Amino acid sequence: MLSDTMHEKMKGWFARIILGIIILSFALFGVDAYNRAGGSVPVVAQVGERKITLPEYEEAFRSEQTRLRKAGERDAAILNGKALKSAVLERLIREQLLIEQAAKLGYSADKAAIFAAVEREPAFQENGRFSQAQFERFLEYNRLNREQYVASIAQNQIIRELLALQADTNIVSHAQAGRLARILAQRREVAEAILHAADFTARVQVTPQQIQAYYDAHPELSRVPEQARVEYIVFSPEAIMAHLQVSEADAKAYYAAHAAEFAQPERREVAHILIRVPPDAKPAERQAAQEKAQQILRQVQQNPKLFGELAKRYSQDPLTAAKGGSFGFIQRGTLFKQIEDAAFSMAPGEVRGLVESPAGFHIVQLQAVTGGGQRSFDEVKAQVMDAAKRDMALRRFNEEADLFGDAVYSKPDSLKPAAEKYQLPIQTSDWFGRQGPAQGVLKNERLLSAIFSSDAVRDKRNTDAIEVAPNTLVAARIAEYKPATQKPLEAVKTEIESRLRAQQAAALAVQRGQAQVAELQQGKTVTGLTFAAPVTLNRGQAPKPDMDASALQIIYRAPVKTLPAYAGAALPNGDYAIYKIIAVSTDDALLKQASQFLPATLAQAQAEQIASAYVASLRHEIKVTIKQDVLDKADKADEP
């Protein structure tokens with residue numbers, strides 16, 4: 001069973017999924033949590049015995065919107081469109097199909113082994129040891145508890161294992177890989193001629209009827225999105241700190257309880273001599289490097305005072321060799337762990353080697369040790385006072401967070417009572433749309449959804465107190481609102497006319513270009529057509545900066561039995577390009593490289609196809625029901 005192999009596989013997969021698991025955690029664990037809650041939460045789909053709840057779906061949808069925005073997507077029609085919502089729901093269904101099938105097959109995971117791996121993860125360690133505080137901060141930020149997080153990783157691994165079993169049947173044809181490698185390694189010498197759309201503008205006539213038709217067919221061009229200006233208050237430990245006073249007695253108590261935080265960190269002056277070993281080194285190369293390092297080590301051991309001179313002569317670390325191999329004073333977390341483990345277990349003047357790291361073989365010398373002692377209260381009094389105040393503010397924030405939310409909720413048509421109770425300034429924003437301002441605490445998906453919800457817009461009610469960042473709550477209400485409107489035709493007439501002229505000019509350029517390509521392919525001479533100097537292209541390299549990326553597809557699709565060959569393409573800017581293929585050859589180095597990586601690449605692609613087919617087959621075996629009425633109701637509720 002999977003639980004028998006989980007611990008052995010942990011190191012291979014854990015580091016790759018630990019960050020991505022947050023995206024899946026709600027989807028993989030939230031279903032069970034809601035089911036246990038009694039089934040009172042709306043369900044958007046049911047997969048066998050498993051339910052996908054409305055909050056789970058909405059959370060996944062918001063996460064996908066955030067991902068797209070970070071990738072540069074700004075089109076509201078895409079970010080809020082049915083296509084994206086459908087894709088998110090299909091992903092959740094796919095995950096639940098795999099989880100349901102895994103449950104039927106009896107898959108399970110050793111959660112104790114998983115948490116042991118969590119404790120070994122460097123992201124959750126401080127000074128080489130697992131930090132419960134750091135782990136809890138991570139969970140708090142992602143709104144998870146320990147069991148949810150471990151269950152997320154377990155279910156993710158179960159899905160991976162289930163799909164891996166299907167991919168075991170994958171067979172890659174070496175003949176197919178060889179043919180594809182030859183195609184990828186092909187080079188084509190190409191000259192380009194451009195027919196500029198601007199040269200055809202004089203022949204274009206745009207009528208008022210065309211302008212009106214374009215205006216009617218493209219309402220998005222004249223649409224003015226809805227906007228709001230809001231009042232808001234921010235409740236956080238920083239806001240509380242402004243009104244706190246910490247006594248010296250409180251500060252001393254904090255110092256006594258957190259003495260380790262105010263210790264002078266130990267720093268060690270370390271030098272090394274490095275003999276590099278490339279990551280892809282062959283055994284003989286590795287053995288030669290080790291023998292060379294061993295010879296240098298013997299010289300150092302005979303006369304440690306020569307360490308600096310030997311480092312300058314032999315070390316292959318260009319950053320330290322000129323300085324006699326010295327890193328200077330370091331703390332833990334600065335160098336490779338193997339070097340630090342050696343340096344922090346040595347006595348001053350001691351030499352140790354050989355120490356192996358990912359860079360190669362090291363000879364390490366500890367030259368001096370400083371720090372490591374406890375600083376007195378008086379030395380760090382200012383720091384202690386500040387830390388004690390922050391600690392007090394955080395504790396008070398945690399105690400008052402729910403009460404702050406109640407204060408916002410109890411007087412829904414005004415933020416003033418909550419602001420006065422917690423001595424918070426009521427701030428006012430500039431105008432912004434559903435995407436929010438460029439930055440600041442209002443730039444939060446959940447808060448923006450609440451601000452533009454139908455009741456908040458209609459009644460100008462307070463939003464809930466929403467966590468926009470760790471330990472930061474914001475409540476807002478609309479002060480002014482402008483609904484979406486349409487600009488009159490006169491306001492966009494000039495822009496429409498310009499677009500129509502560009503479109504028609506581009507169409508004329510395409511018409512002329514296609515006719516000229518046809519003539520060239522028939523062996524005719526085309527007058528007035530000038531080709532630029534030829535360039536050599538291959539599929540493994542990007543085209544020239546001034547050549548459109550889609551040109552490669554056109555160029556490589558063109559038949560080349562007879563040379564020169566010709567092909568043409570309409571470019572995104574409206575111009576038309578004609579390509580003259582002069583010569584065809586093979587890049588031997590690229591052919592060798594492609595022959596090496598293609599079998600694995602094809603195997604991965606085929607494995608993904610097998611996985612998709614497997615999920616599709618599960619959909620025939622496991623009943624999937626989509627609650628369209630719940631989805632429609634949720635969509636309607638989001639409309640202002």
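The values are calculated or read from the model by the stated rules, or taken from the named source; none is laboratory data. If you're wondering where the values come from, they're calculated on a predicted model, not measured in any experiment. Every residue, glycine as well, gets a Cβ built from its backbone with ideal geometry; the counts of neighbours run over all protein chains shown.
Could you check segment 193-218 and list, in sequence order, the residues that are within 30 Å of residue 557 (Cβ to Cβ) and either hydrophobic (A, V, I, L, M, F, W, C) or in contact with an Asp or Glu (Cβ under 9 Å, 6 or more places away or on another chain) (or both)?
Restricting attention to segment 193-218, the residues satisfying the condition of being within 30 Å of residue 557 (Cβ to Cβ) are 193-200.
Once the filter is applied, which keeps residues that are within 30 Å of residue 557 (Cβ to Cβ) and either hydrophobic (A, V, I, L, M, F, W, C) or in contact with an Asp or Glu (Cβ under 9 Å, 6 or more places away or on another chain) (or both), segment 193-218 yields 193, 194, 195, 196, 197, 198, 200.
Name the residue, out of 343, 289, that is under 30 Å from residue 126 (Cα atoms), of a type in the set (A, V, I, L, M, F, W, C), touching a residue at least 60 places away in the same chain (Cβ under 8 Å) and surrounded by 12 or more Cβ atoms within 10 Å (Cβ to Cβ).
343
Conditions: (1) within 30 Å of residue 507 (Cβ to Cβ); (2) not in a helix (DSSP H, G or I). Residue 228 meets all but one. Number of the miss?
Unmet for residue 228, out of (1) within 30 Å of residue 507 (Cβ to Cβ); (2) not in a helix (DSSP H, G or I): (1).
Within segment 219-237, take every residue that is acidic (Asp, Glu) and surrounded by 14 or more Cβ atoms within 10 Å (Cβ to Cβ) and give me the one that is nearest to the chain's Cα centre (by Cα).
Here is the first cut: in segment 219-237, the ones acidic (Asp, Glu) are 220, 226, 231.
Filter once more, so that each one left must be surrounded by 14 or more Cβ atoms within 10 Å (Cβ to Cβ): 226, 231.
Numbers: 226: 29, 231: 32 Å.
Result: 226.
Checking residue 262 against (1) at pLDDT 85 or above; (2) surrounded by 13 or more Cβ atoms within 10 Å (Cβ to Cβ); (3) hydrophobic (A, V, I, L, M, F, W, C), which test does it fail?
(1)
Could you please let me know if residue 205 is part of a helix (DSSP H, G or I) and of a type in the set (S, T, N, Q)? Talk me through it step by step, then tell me what you get.
Values: part of a helix (DSSP H, G or I): no; of a type in the set (S, T, N, Q): yes.
So residue 205 does not fit the description; no.
Search segment 493-505 for residues being under 38 Å from the mean Cα position of the chain (by Cα) and either part of a strand (DSSP E or B) or not polar (S, T, N, Q) (or both), and hand back the single one that is surrounded by the fewest Cβ atoms within 10 Å (Cβ to Cβ).
Ranking the qualifying residues of segment 493-505, first place goes to 495.
For segment 109-155, how many residues meet the condition of being basic (Lys, Arg) and not in a helix (DSSP H, G or I)?
So the count comes out to 2.
Just the residues that are loosely packed, with under 13 Cβ neighbours inside 10 Å and of a type in the set (Gly, Ala, Ser), please, taken from segment 519-532.
Scanning segment 519-532 gives 523, 528.
Residues in segment 533-550: is at least one part of a helix (DSSP H, G or I), surrounded by 15 or more Cβ atoms within 10 Å (Cβ to Cβ) and modelled with pLDDT of 90 or more? If you could, list the steps in order and put the result at the bottom.
Step one: list which residues in segment 533-550 are part of a helix (DSSP H, G or I), which gives none.
Within segment 533-550, not a single residue is part of a helix (DSSP H, G or I), surrounded by 15 or more Cβ atoms within 10 Å (Cβ to Cβ) and modelled with pLDDT of 90 or more.
In the list 406, 391, 430, which residue meets the criterion of being in contact (Cβ under 8 Å) with a residue 60 or more places away in the chain, surrounded by fewer than 18 Cβ atoms within 10 Å (Cβ to Cβ) and over 19 Å from residue 479 (Cα atoms)?
391
Which residues, taken from segment 451-488, are in a helix (DSSP H, G or I) and either among the hydroxyl-bearing types (Ser, Thr, Tyr) or outside the structural domain of residue 427 (by TED's automatic domain parsing) (or both)? Before you say what the answer is, go through the steps one by one.
So in segment 451-488, the residues in a helix (DSSP H, G or I) come out as 451, 454-459.
Of everything in segment 451-488, just one residue is in a helix (DSSP H, G or I) and either among the hydroxyl-bearing types (Ser, Thr, Tyr) or outside the structural domain of residue 427 (by TED's automatic domain parsing) (or both), namely 454.
Among the residues of segment 436-443, is there at least one that is surrounded by fewer than 17 Cβ atoms within 10 Å (Cβ to Cβ), assigned to a loop (DSSP other than H, G, I, E, B), basic (Lys, Arg) and in contact with a Gly (Cβ under 6 Å, 6 or more places away or on another chain)?
Taking every residue of segment 436-443 in turn, at least one turns out to be surrounded by fewer than 17 Cβ atoms within 10 Å (Cβ to Cβ), assigned to a loop (DSSP other than H, G, I, E, B), basic (Lys, Arg) and in contact with a Gly (Cβ under 6 Å, 6 or more places away or on another chain).
Output the residue which, of all residues in segment 61-81 that are part of a helix (DSSP H, G or I) and over 15 Å from the mean Cα position of the chain (by Cα), is surrounded by the fewest Cβ atoms within 10 Å (Cβ to Cβ).
Step by step, filter segment 61-81, then rank; the result is 77.
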